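A.B. asks: Quick one: the structure is below, and I'll ask about it shortly.
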Amino acid sequence: MRDTDMSTNTAAVAQGPAGSPADPLDDEDDLIRRAQTGDAAAFGRLYDRYVHSIYRYTYSKTTSRSLAEDLTSETFLRAFRAIARPRAKLNFAAWLVTIARNVVIDHHRSGWNRLAVVTDEVDPRADEAIGPEQAALASVGTAALRAAVARLPDDQRECLALRFFAGLSINETAAAMARTDGAIKQLQFRAMNRLRRIVTAG
């Protein structure tokens, strides 16, 4: 890839979650193949398609807009550098969320997170409904919901973050968590039931 292409795309990624809407006519497999050969424009299309879901995911892990933007940018920078590596057919959404999870883990392991300002801001995009379960959660106050989610086991909390904040499908969540579709359905069911009990009891 030419240095100018990388510089152009890196600058676009660094702008954070302000990407333009992706063209629904773009074939994702074709975009991935082109991006793997160094096509920065194709990667830019993938960025536009997934930036908001990755931002929602990182925001759900930090509750800080500025930090979520930084982690989202880092996720796409890592993806841009790694996408050309040889691999089997790429499930881009699951692969991207795996990178985002690692970015979040790296952040929490580092000393820099002590300097991050955690706010009580609510990202309006996190309220976009993707189903009746999220609508039910949206009716609960933000502080109460955060407190309830924090009391869930790690795997249940991760499942809800991937499904309702990152917006992944059951299949994509299964790939990201290295589980079967059936296991994710059961995990989500248990998480939602436990969350309702916690909120009701609280």
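A.B. asks: Can you tell me the length gained on complete extension of the stretch Asp29 to Lys89, counting 0.36 nm per residue apart and subtracting the Cα distance?
C.D. replies: Length gained between Asp29 and Lys89: 20.7 nm.
A.B. asks: While we're looking at this one, here's another question. Based on the mean of other Cβ atoms within 10 Å per residue, sort peptides 172-178, 55-61, 184-190 so the most packed one is first. Spell out each step's value before the answer.
C.D. replies: Working: 172-178: 20.7, 55-61: 24.9, 184-190: 17.1.
Ranked by mean Cβ neighbours within 10 Å, highest first: 55-61, 172-178, 184-190.
A.B. asks: Between the stretch 182-202 and the stretch 159-179, what is the separation of their alpha carbon centroids in Å?
C.D. replies: 15 Å
A.B. asks: On a full-extension model of 0.36 nm per residue, what is the gain between Arg109 and Ala183, subtracting their alpha-carbon distance, rounded to one decimal in nm? Spell out each step's value before the answer.
C.D. replies: Working: separation 74, 0.36 × 74 = 26.64 nm, distance 2.86 nm.
Taking Arg109 through Ala183 to full extension adds about 23.8 nm, to one decimal.
Rule-based calculations on the coordinates, nothing more; no lab input. These numbers come from a predicted model, not from an experiment. Counting neighbours? That spans all protein chains shown, and the Cβs are built from the backbone with ideal geometry, glycine included.
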